[in-house]
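Reviewing the structure listed below.
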């Protein structure tokens, strides 16, 4: 199985951070704690398309290898809408995920390098041939809520940074 490498060594997220994750809980928290012991990291886990009570509270939202687990584009759009409502007017969303094309299964090992030089590893197995988790498809849904500030795709992974629209 092919391994993909992601470096979080120099990533710094400011303010109140919302970590939307499926099973990789703690990676973003550990990366942030290295730079700021007083950072407030909250998790929205298991049902990321559901809303919570903190509208307009978060400065940053990190979606770390989670979108690939959401089956339909409509559910991803609903998640982006919820993120939009939870973010402050000057909030940023940071997305890391794998490029998974229609009609192609995908199995990868993900290796994540953290600021303290430690490594975290996890696997992604996407066998549903009818899911499209390409960066272009993600940006298509995201652009209704966020201005794309940065989009980088490399070695089968992508990183997208968006700033909340209407700021």
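Every number in this text was worked out from the coordinates using simple rules, so none of it is lab data. Keep in mind the model is a prediction, meaning the values are calculated, not measured. When we count neighbours, we look across all protein chains shown, and the Cβ atoms used for this are built from the backbone with ideal geometry, even at glycine.
Inter-label distance, residue 10 to residue 30: 2.2 nm, where each label sits 7 Å from its Cα along the C-beta direction. Entry note, region 93-167: relative contact order of 37 percent, from Cα contacts under 8 Å with a spacing of 6+ residues.
Based on C-alpha pairs under 8 angstrom that are at least 6 apart in sequence, the chain has a relative contact order of 26 percent. For the chain, the antiparallel share of DSSP beta bridges with both residues in that region comes to about 50%. As a proxy for reagent exposure, 69, 100, 10 were ordered by neighbouring Cβ count within 10 angstrom, fewest first; the result is 10, 69, 100. Counting only DSSP H runs of at least 4 residues, each contributing -39500 (n - 2.57), and dividing by the residue count of the chain, the helix-based mean residue ellipticity at 222 nm comes to -5500 deg cm²/dmol. Here 158, 80 are placed in order of increasing Cβ neighbour count within 10 Å, fewest first, which gives 158, 80. Highest GNM mean-square fluctuation among 102, 126, 114, for the chain modelled with Cα contacts below 10 Å: 102. Available extension along the chain between residue 136 and residue 111 is 6.7 nm, counting 0.36 nm per residue and deducting the alpha carbon span. For the options 121, 32, 82, a Gaussian network treatment of the chain with springs between C-alpha atoms closer than 10 Å singles out 121 as fluctuating the most.
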